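Coordinate-derived values only; no laboratory data. As the structure is a prediction and not an experimental result, all values here were calculated from the model. Because the Cβ atoms are built from the backbone with ideal geometry, glycine has one as well, and the counts that use them run over all protein chains shown.
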Amino acid sequence: MESISKAQNILNLNACIAYPEKDDQYLTKNSVQFYMHLGYRMVGKFHNCGYKFHTWYHMVWMEKLIGIHRDIPDPLVYFPDLSVETLNNCGVQ
């Protein structure tokens, strides 16, 4: 996904993740740790705004910058407009 996003001139990737105050039987902090391992960083936390399994959870936003932010960004390349060669180079078969 990251390679394809770069080929489309997308500069930022964002993730919104449910986040427990403390790990429980339904939700752990492993998702945040996974994204951090991929190079994302925490940019925001919303307190007790997600409710599931009869429990209130926080929601966190994480981001990863994957491109250079120029004064004038390159135009977005829509997925259907990517060449077969580009997709193959990104690992899409």
By residue number, the members of the range 45-57 that are exposed (fewer than 11 other Cβ atoms within 10 Å of the Cβ) and at positive phi are 53, 54
Per the filter on the range 47-93, residues in a strand (DSSP E or B) and either more than 23 Å from residue 30 (Cα to Cα) or not hydrophobic (A, V, I, L, M, F, W, C) (or both) are 47, 48, 50, 51, 52, 55, 57, 58, 63, 64
